[in-house]
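The block underneath contains the structure these notes are about, expressed in structure tokens.
What follows is calculated from the coordinates using simple rules that are stated; it is not laboratory data. This one's a predicted model, so the numbers in the text were calculated from it and none came from an experiment. Every residue, glycine among them, receives a Cβ derived from its backbone with ideal geometry; neighbour counts consider all protein chains shown.
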Amino acid sequence: MDARIETDDLAAGLYDEVSALSVTDILQRRAERHPQRVLFRFLDEHGREEDVLTYGDAWRRSTAIAAVLAAHGGPGDRVALFYPAGLDFIVAFFGCLLAGRVAVPLNLPSRRRVDRCLRILRDCGCRRALTVSSLEAGLRDILSVDADLPLAWLATDALREEAEAAGIVPPPADERIAFLQYTSGSTSHPKGVMVSQLNITTNLRMMRTAWELDHTSNTVFWQPHHHDMGLILGQLLPVMLGNETVLMGPNTFVRQPLIWLDAISRYRAVLAGGPNFAYELAAQRWQPGRLDGCDLSSWRIALNGADVVRAATLERFAATFGALGYRPTTMLPCYGLAEATLFVSGGPVYEMPRVRSIDAHAAETEGRVRDDLGASGRTVVGCGLPSDEIEVAIVDPANGERLGCDRLGEVWVSGDTNALGYWQLPEQSAATFGAEIAGEPGRRYMRTGDIGFIGADDGQIYLCGRMKDLLIVDGRNLHPEDVEYTIVESHPLIKPQSCAVFEDDRGEQRRLVAVIEADRELKRALPEIARALRMQVRRAVSEEHGVAIADIVFIAPATLRKTTSGKVQRSLMKQLHQQSALDVIDVAVALDAA
Amino acid sequence: MSTEHDIADFITTFIADRTGVPAHDIEPEENLGSYGLGSMQAVDLVGSLEDRYGVSLPPALVFQYPTVRELSLAVAQRAAATTGA
């Protein structure tokens, strides 16, 4: 405790000095000024402190790794990072940046996910991989199936006790690529977002300003470090703030979400958060008597982002944890994406989240947002004001024209937080990152693919969906065509072009729905095979894509709607499904009769 | 004491709740992965079983016993061992 008080002034003194520096430059200065101050604590699966990393240790260990990396290959080489939850990842990441290498944080590949992992390694042309000693042999084995992919491995935890390497100079906060973020793109075509040193510094500063954070803003995070939220928010923001951060593994949180809340209480955290499901899960898993003595009154900002923010969840969470000192104004819905490094909008802090009920029909047909306080209104939650360092525009995707407030269109973002593009995909990069608004030449915008509007009375960004029928499951993009293809391939009686997959987003939970058009042969067979067929379809989709098809609906021959060019009209099928206007073959009745 | 049957019902309801698959479509002998249960949800299930039955379970239990039938039996045996001790 004494050490903490002594370093507070030193940490505070760097606030202005670090504002425009690269994140490794900031780390070096903080390591010089307050080496003993704790940067990270890591909690084990029971919530007990397992490991600690001070600012001084973080710098020393990062330089030791950088020195090894610098001895092989050249600047700009990609280096894959395979790390379990813990404190070894961050020093390896900084080691890459200090050596001028491009870090590529990746999820640990299970046997099932090895294909996606190999595609990414091939896509970025990676020749070197970092991990910890305990995982090295297993990873070598799993990833050795590809002879074209010779990887040189280094277990960085073996360098833990090395002395600081001399002569390591942090890069400036410029346009050089710091890391590749592989969260966009499908499994078959991974897309690596190129995030620069300048992007990182800009985005960290944007969050610091928007949420009024400083060295006293202790944080608790459990998000995986290979994801943009876990990396930028959980691992890098603390370095700019000079605060103390408590980390735990995603599995610790999911198995026992109350450990997260308990950590917020014990470490007097100011900032903590996650996607909407995290709040849902914590409220679901709460039981009377658990968390007695827990005090959430220090918690000032509960970030809610990376997924649809649901008003019902906000209410449930506040009702469940209000007695422990949690305040409803703590909840801070926000918006961001890897293509903008992370953060785009969120705030103002300490105010109630904005919830609007809009006329869904007017929004869909006219692109106009009107309030509808009746039962048919669609509830949307405001995702906050855009950072004042960027410009956010709502644009008609058809003609590129700027739209006014309360008009529905695509969200476009402009500013230094926009990533450089997608790794080695010049055409897709130009289309996504180099858009211009009609009649406003000279200013480049990044197209988010998200549909939303800016509130006329509050200036907040409200999100209403995605362009291109894209399905988003657990933060992953899923293309409906891919899922439909899998379904068609799963059984010979399901014919090509006979299937529409979409998301039913009416309830609290998003459900994937597959509408399958039966031809005469399938219709005849259905009473016998419907149950087994549904199982087979679910099995195939789950194996291929790792997601659940909640509802499988068989419809009468020739009732699947298609365009004149033969394309399946998914949004029309979705509309018909929600209005119960599909010509459904009632298999259950047929089954009972049989 | 919690019966295997009760635990199987709890697991089936959990899968239906988390994945949206109707409970009557969930087969006792089918691999839970077939219902799109991801690794995160598998850990959520282990934690929920621990909460509900007051037992300590290995996080990878669902991967060792991947069907409703196998998993409910495994949990019932552990619950019995805990109360017996």
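Each peptide among A:23-35, A:565-577 gets the average number of other Cβ atoms lying within 10 Å of its residues, and from highest to lowest they stand as A:23-35, A:565-577. Taking every lysine pair in the protein assembly as shown that is 8 or more places apart or spans two chains, those with Cα atoms closer than 26 Å amount to 14. The label point for residue A:504 and the one for residue A:379, both projected 7 Å from the Cα toward the Cβ, are 1.9 nm apart.
Working note: Karplus 6.51/-1.76/1.60 with θ = phi - 60° gives the stretch A:221-226 the couplings 9, 10, 5, x, 6, 8 Hz, where Gly and Pro are set to x.
Among the trypsin sites (Lys or Arg not before Pro) within the stretch A:84-134, those in coil by DSSP and having at most 14 neighbouring Cβ atoms inside 10 Å are A:111, A:112. The value given for the stretch A:382-440 is a Kirkwood hydrodynamic radius of 12.7 Å, derived from the mean inverse Cα-Cα separation. Take the Kirkwood radius over Cα pairs of the stretch B:4-84, plug it into Stokes-Einstein at 25 °C and 0.890 mPa s, and you get 198 µm²/s for translational diffusion. The mean number of partner chain beta-carbon atoms within 10 angstrom of a residue's beta-carbon across peptide A:546-556 is 4. A straight line joining the Cα centroids of the stretch A:407-448 and the stretch A:189-229 runs 20 Å.
Gyration tensor over the Cα atoms of the stretch A:354-466: the corresponding equivalent ellipsoid has semi-axes (square roots of 5 times the eigenvalues, largest first) of 27, 14, 12 Å. Residues whose amide H comes within less than 5 Å of that of residue A:555, counting only those at least five positions distant or on another chain, are A:516, A:517, A:518, A:585 (H built at 1.01 Å from N in the peptide plane). Computed over chain A, relative contact order equals 9 percent, with contacts defined as Cα pairs under 8 Å that lie 6+ residues apart. Averaged over the residues of B:40-47, the number of partner chain Cβ atoms lying within 10 Å of the residue Cβ comes to 6. Computed over the protein assembly as shown, the per-residue total of -39500 (n - 2.57) for DSSP H runs of n ≥ 4 gives a 222 nm mean residue ellipticity of -11000 deg cm²/dmol, rounded to 500. For residue A:341, the residues 5 or more places off, or on other chains, whose built amide H falls under 5 Å of its own are A:419. Under 5 Å between amide hydrogens, built in the peptide plane, is the criterion, and for residue A:246 it picks out A:41, A:219, A:220, A:221 among residues at least 5 positions away or on other chains. Pairwise Cα distances in chain A exceed 44 Å in 21 percent of cases. Per-residue extension of 0.36 nm, minus the Cα-Cα distance of residue A:481 and residue A:268, leaves a gain of 72.0 nm for this segment. Counted by Cβ distance under 13 Å from residue B:51, the other residues give a net charge of +2, where Lys and Arg count +1 and Asp and Glu count -1. The phi-based Karplus calculation (6.51 cos²θ - 1.76 cosθ + 1.60; θ = phi - 60°) puts the 3J(HN,Hα) values of the stretch A:363-378 at 5, 6, 7, 10, x, 10, 9, 10, 6, 9, 8, x, 5, 8, x, 9 Hz, whole numbers, x for Gly and Pro.
One Cα centroid belongs to the stretch A:149-164, the other to the stretch A:534-554; the line between them spans 42 Å.
I'd like the distance separating the alpha-carbon centroids of the stretch A:104-147 and the stretch B:38-59, in whole Å. That distance is 28 Å.
Against chain B, whose longest principal axis comes from its Cα atoms, helix B:39-53 is set at around 40 degrees.
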